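Novice: Structure in structure tokens, see below.
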Amino acid sequence: MKFYVRTYGCQMNVADSDEMGRHLQARGLVQTEDMDEASVLLVNTCTVRQHAEDRAFSEIGRLKKWKLRQAGRKVVITGCAAERTKEYLENRFPHIDLVVGAKSIEDFGRIVDGLLERRDTDEDLEYAIPATNDRVSAFVTIMRGCNYSCTYCIVPYVRGRESYHPMEQILSEVRDRVAEGAREITLLGQTVNSYHRDGSKGRDTDFADLLENVAAVDGVERIRFISPHPYYMTDRVIDTMANVPQVCESLHLPVQSGSTPILRKMLRNYTREQYLKLIDKLRAAMPGMTISTDIIVGFPGETDEDFRQTLSLIEEAQFDWGFIFKYSTREGTPAAALESFSHELIEERHRECLAVVDRIALEKRQKLLGSQQEVLIEENTFGRTRTNYKAQVTGNVLPGETVRVEVTNAQRTTIEGKVV
Ligand code: 5AD
Ligand code: SF4
């Protein structure tokens, strides 16, 4: 029996899809990239913005036909939109067999057992050795949930409060991924650097300790983490990043807005000045590092002046790339009670913001022309630099190999280079 997975949303969802896939493989199912071969179809949904949810729902609607084409097919809907709208989904789409919300991902194995026993036909279970995941770059979830309550954000409602995986579990997952061929580990959590646990060292074991311990696992060549919250970007974490060679010189640090009054209304827990100071510290500790960000435009009450502050912060921070999001009202969040702006205004600000981010991103990439970069090959001739630029290389390379590459083109988001 084969299963197919469709994933929407963030890296956390990608990691959750992998985890659910491993549960299915442990039960003898084989993953396929072809929907027509599959008997179980899993759609892992996102609800962070309305657009993401709409896309998943229209796909779920289309799955009715897929299901009818062969007896015994199962449709499983998981993730954040599943958590938020469980009842609606079950009523609106009777062809769904199972809904597993984001808070229940860790119970997925047990929940899915029930579904697999409920087979209505006697299809052959095509038992196979579970496929090993041979990805060079692997995700390891270290915490779930979020204790923040940013006023625009639905995540704390659908993923719940923070819980941390024990250090030993994390390290053993890292070892498993390395044994399967991973060379790069990306630690994942909603506010990944808030990680802490009572340790035996007489003080809390924190995110910096975790970085050190992951780096000590044999075979780990690179470490990344997403997404950190600026509030927990302590000096100790910065020093550890700078001193542990495996930790890459790249950070995705969501700022959301460049205006202190808006940051306050968002309950972000830092000011514009504190954020910029943090960027300075990071760049001083790791010269040449790349920093990227998330920005929301059109948050309720964002004045023209607030918006200019965001544009000027982008200039000051010199982000290497960034994701600009149009504010999307999420029912049940505090900001949903505030009056929202017209689509036109949000579109306009989005365009303007994107133009600034893209201009700076291109300028920064072009500075790479002629430079040499260390690229870890992930698939075919595709890899990433330590600074997290995607790179297309010419030369004889194998997945898992680290090569030095001279950059020959840096116009697009994927830079090009030749092996030296
Ligand atoms: N509207 C628009 N963007 C949002 N994000 C989170 N919630 C919303 C929302 N309601 C963005 C934030 C976050 C990223 C993952 O999604 O920028 O960092
Ligand atoms: Fe949402 Fe804020 Fe938590 Fe990030 S830190 S998941 S934006 S509530």
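The values are calculated or read from the model by the stated rules, or taken from the named source; none is laboratory data. Bear in mind that the values here come from a model prediction, so they are computed numbers and not experimental data. Neighbour counts are summed over all protein chains in view; Cβ atoms, including those assigned to glycine, are modelled from backbone coordinates with ideal geometry. Heavy atoms of the whole protein, side chains included, go into the accessibility calculation; ligands, DNA and RNA do not. Shrake-Rupley method; radii C 1.70, N 1.55, O 1.52, S 1.80 Å.
Novice: Under the definition of Cα pairs under 8 Å and six or more residues apart, what whole-number percent is the relative contact order of segment 71-111? Walk me through the numbers on the way to the answer.
Specialist: Working: 43 pairs, mean separation 19.3, N = 41.
About 47 percent, as a whole number.
Novice: Something else: What percentages, rounded to whole numbers, describe P(r) for the chain computed over all alpha carbon pairs with 10 Å bin width beginning at zero?
Specialist: 4, 20, 28, 28, 16, 3, 0
Novice: Counting only residues 5 or more places away or on other chains, whose amide H sits under 5 Å from the amide H of Val140 once H atoms are built in the peptide plane?
Specialist: Thr186, Leu187, Leu188
Novice: Pulled fully out, how much extra length does the chain show between Asp218 and Glu363, if you take 0.36 nm times their separation in residues and subtract their Cα-Cα distance?
Specialist: Fully extending the segment from Asp218 to Glu363 adds 48.4 nm.
Novice: Now a separate question. Let me know the volume per residue of the alpha-carbon convex hull for segment 165-247, in Å³.
Specialist: Details: hull volume 7.4 nm³, N = 83.
So the per-residue hull volume is 89 Å³.
Novice: Among 67-74, 384-391, how do they line up by average Cβ neighbours within 10 Å per residue, starting with the highest?
Specialist: Highest-to-lowest ranking by the protection proxy: 384-391, 67-74.
Novice: Starting from segment 178-287, pick out the trypsin sites (Lys or Arg not before Pro) whose DSSP state is loop and whose Cβ has at most 12 other Cβ atoms within 10 Å.
Specialist: Passing both the DSSP loop test and the Cβ count: Lys201, Arg203.
Novice: Now for a different question. Expressed as a fraction of 2.2 N^0.38 Å, the rule-of-thumb size for a compact globular protein of N residues, what is the C-alpha radius of gyration of segment 257-400? Write out the running numbers ahead of the final one.
Specialist: On the way: Rg = 18.2 Å, N = 144, 2.2 N^0.38 = 14.5 Å.
Normalised Cα radius of gyration, segment 257-400: 1.25.
Novice: How large is the accessible surface per residue of segment 247-364, computed with a 1.4 Å probe and reported in Å² as a whole number?
Specialist: The answer is 44 Å² per residue.
Novice: Which ³J(HN,Hα) values, rounded to whole Hz and listed in residue order, are derived for segment 4-12 from phi using the Karplus coefficients 6.51, -1.76 and 1.60 in 6.51 cos²θ - 1.76 cosθ + 1.60 with θ = phi - 60°, glycine and proline given as x?
Specialist: Per-residue couplings from phi come out as 10, 10, 10, 10, 10, x, 8, 5, 4 Hz.
Novice: Once each part is reduced to its C-alpha centroid, what is the distance from segment 220-253 to segment 1-45 in angstrom?
Specialist: 30
Novice: Here is a follow-up. How big is the dipole moment of the chain about its Cα centre under a simple scheme where the beta carbon of each Lys and Arg is +1, that of each Asp and Glu is -1, and everything else is neutral? Debye, nearest 20, please.
Specialist: On the way: 55 positive and 64 negative charges, 86 e Å.
Charge dipole, the chain, about its Cα centre: 420 debye, nearest 20.
Novice: A further question follows. Determine the share of segment 178-244's accessible area contributed by carbon and sulfur atoms, expressed in whole percent, with a 1.4 angstrom probe.
Specialist: With neighbouring chains kept in place, the figure for segment 178-244 is 42 percent.
Novice: Using Cα pairs under 8 angstrom and six or more residues apart, how large is the relative contact order of segment 265-335, in percent?
Specialist: RCO, segment 265-335: 40 percent.
Novice: Same structure again: Kirkwood hydrodynamic radius for segment 228-269: how many Å is it when counted over pairs of different Cα atoms?
Specialist: After inverting the pairwise mean of 1/r, the radius is 11.9 Å.
Novice: Here are some pairs, Lys2/Lys86; Lys367/Lys390; Lys265/Lys326; Lys2/Lys67; Lys2/Lys64; which of them have Cα atoms lying more than 20 Å apart in this structure?
Specialist: Lys2/Lys86
Novice: Continuing with the same structure: Once the mean 1/r over all distinct Cα pairs of segment 246-314 is inverted, what Kirkwood radius in angstroms do you read off?
Specialist: Numbers: mean 1/r = 0.0788 Å⁻¹.
One decimal place: 12.7 Å for the Kirkwood radius.
Novice: From the phi of every residue in segment 189-196, what ³J(HN,Hα) in whole Hz does the Karplus formula 6.51 cos²θ - 1.76 cosθ + 1.60 yield, where θ is phi - 60° and glycine or proline is x?
Specialist: x, 5, 10, 4, 8, 8, 3, 7
Novice: Please name which of Gln190, Val247, Thr205 has its Cα lying farthest along the dipole of segment 166-288 towards the positive end, using unit charges on Cβ (Lys, Arg +1; Asp, Glu -1) and the Cα centre as origin.
Specialist: Ranked along the dipole, the leading option is Gln190.
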